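Please read the structure below before turning to the comments.
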Amino acid sequence: MKALAAVLLLGLVLATDASAAGPKLSVPKATLRAALTCKPGVDRRPILLVPGTNLDPESNFSWNYERAFKARGWPYCTVKLPFHTMGDSQVAGEYVVYALRTMARRSGRRVDVLGFSQGGMLPRWALRFWPGTRRLIGDLVGLDPSNHGTLDSAVLCQASCPPAYWQQATGSQFNGALNSRAETFAGVDYTVVYSRTDEVVTPNLDASGSSSLHTGRGRIANVAVQEICPADVSEHLAMGSYDPVGYALAVDAFTHRGPAKASRVAAATCTQPFQPGVNPATFGTDYAGYLAAVGNAAVTSPFVPAEPPLKPYAR
């Protein structure tokens with residue numbers, strides 16, 4: 001009865017959201033549906049995996065987080081974003097909105113979210129401009145998320161760049177809209193995991209850096225992996241694929257009320273070379289494929305001469 005009541009209640013929420021949740025999605029529903037892939041599991045909140053820039057779910061998560069969640073029996077979904085997550089981030093945000101609505105409707109539960117880099121930031125675009133999604137997310141975990149852009153893009157994008165590069169540049173119009181009014185919202189638990197040795201999302205030397213969140217009514221934890229393991233030197237791509245501390249913090253957030261707590265992560269985590277899900281025997285090949293995907297995406301994605309204009313709803 002409780003499960004049925006939860007489904008009915010969430011159905012009522014979704015029905016209400018349909019008329020007052022934010023702008024109409026511009027991407028055809030068939031396209032959004034085809035981008036979402038889900039795997040069943042035990043009766044718990046499903047987890048949405050959102051890939052980073054230059055990546056798709058397969059290259060980002062199939063050899064690490066997907067294996068780990070499957071071993072735990074956890075249900076999860078992945079969302080494939082346009083142009084290897086290098087297209088217009090505003091459009092990519094619509095894919096996240098659709099995924100959240102679909103997963104919540106199917107499960108009758110809130111959805112937990114794990115995103116890497118841009119994938120850790122994009123759900124916040126959904127939360128900012130589609131208010132109904134604030135009722136659909138339980139925990140949002142970002143691994144080195146580009147919440148306030150990066151100086152790297154500001155330097156790199158002097159002439160022509162993929163749309164998402166422009167939008168993730170420090171001081172972009174996109175970042176101004178994303179972080180306007182409030183960075184977090186009540187009812188959502190935010191865990192930001194970052195590395196002080198991140199060379200892509202910069203600066204990230206402390207909790208005043210790009211990734212960390214501070215304002216709004218959400219419950220927030222900003223945790224550097226070096227707070228737990230001082231010798232951890234994971235750079236950006238390691239954080240999104242095999243760093244055991246980032247994984248431990250994500251699991252801590254997903255298995256406790258509120259955001260993750262560094263004090264609950266076992267000291268033994270610091271001695272692990274890889275997170276669960278990563279196969280040491282195939283790590284070399286898997287990681288090489290991951291790096292190749294990043295490089296290939298940079299060649300095949302569209303380049304534009306300036307940041308895409310803000311959508312009317314975000315101005």
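Quick note: the coordinates plus some simple rules give every number you see, no bench work behind them. The structure displayed is predicted, hence computed values, not measured ones. Virtual Cβ from ideal backbone geometry, glycine too; neighbours counted across all protein chains shown.
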Label model pair Ala298, Ser208: point-to-point distance (7 angstrom along the Cα→beta-carbon line) in nm is 3.1 nm
Note on the chain: contact order normalised by length, alpha-carbon pairs under 8 Å, 6 or more apart, percent, works out to 19 percent
Listed residues Gly52, Gly119, Gly187; largest mean-square fluctuation, Gaussian network over the chain with Cα springs below 10 Å, found at Gly187
Expressed in nanometres to one decimal, the distance between label points 7 Å along Cα→Cβ at Ala71 and Glu199 is 2.9 nm
Calculated from DSSP helices alone, with each H run of at least 4 adding -39500 (n - 2.57) and the total divided by the residues of the chain, [θ]222 nm to the nearest 500 comes to -11500 deg cm²/dmol
Quick calc, Val155 & Phe283: beta-carbon distance into FRET formula, R0 41 Å, rounding 0.05, result 0.80
Checked against a 27 Å limit on the C-alpha separation, the offending pairs among Lys24/Lys70; Lys70/Lys261; Lys24/Lys80; Lys24/Lys261 are Lys24/Lys70; Lys24/Lys261
Output ordering of 30-36, 222-228 (per-residue mean of other Cβ within 10 Å, highest first) is 222-228, 30-36
Result row for the chain, helices from DSSP H with C-alpha axial extent 18 Å or more and mean Kyte hydropathy at least 1.6, is 2-20
Cross-link reach from Lys29 to aspartates and glutamates, straight Cα distance under 14 Å and at least 8 residues apart if same chain, gives Glu94
Any chymotrypsin sites (Phe, Trp or Tyr not before Pro) in the stretch 219-315 that lie in a DSSP loop and have at most 14 other Cβ atoms within 10 Å would be Phe303
Expressed in µm² per second, the diffusion coefficient of the stretch 38-184 from the Stokes-Einstein equation, with Rh the Kirkwood radius over alpha carbon pairs, at 4 °C and 1.567 mPa s, is 84 µm²/s
Going fewest to most other Cβ atoms within 10 Å around each Cβ, Thr85, Thr285 line up as Thr285, Thr85
Scoring only Lys, Arg, Asp and Glu (+1, +1, -1, -1) among other residues with Cβ under 11 Å from the Cβ of Phe69 yields +3
As a percent rounded to 5, the proportion of antiparallel DSSP bridges among beta bridges in the chain is 15 percent
Rounded to whole angstrom, the alpha-carbon centroid of the stretch 213-265 lies from that of the stretch 161-177 at a distance of 25 Å
Under 18 Å by backbone N from the virtual spin label 7 Å along Cα-to-Cβ at Ala268, the residues of the stretch 48-81 are 72
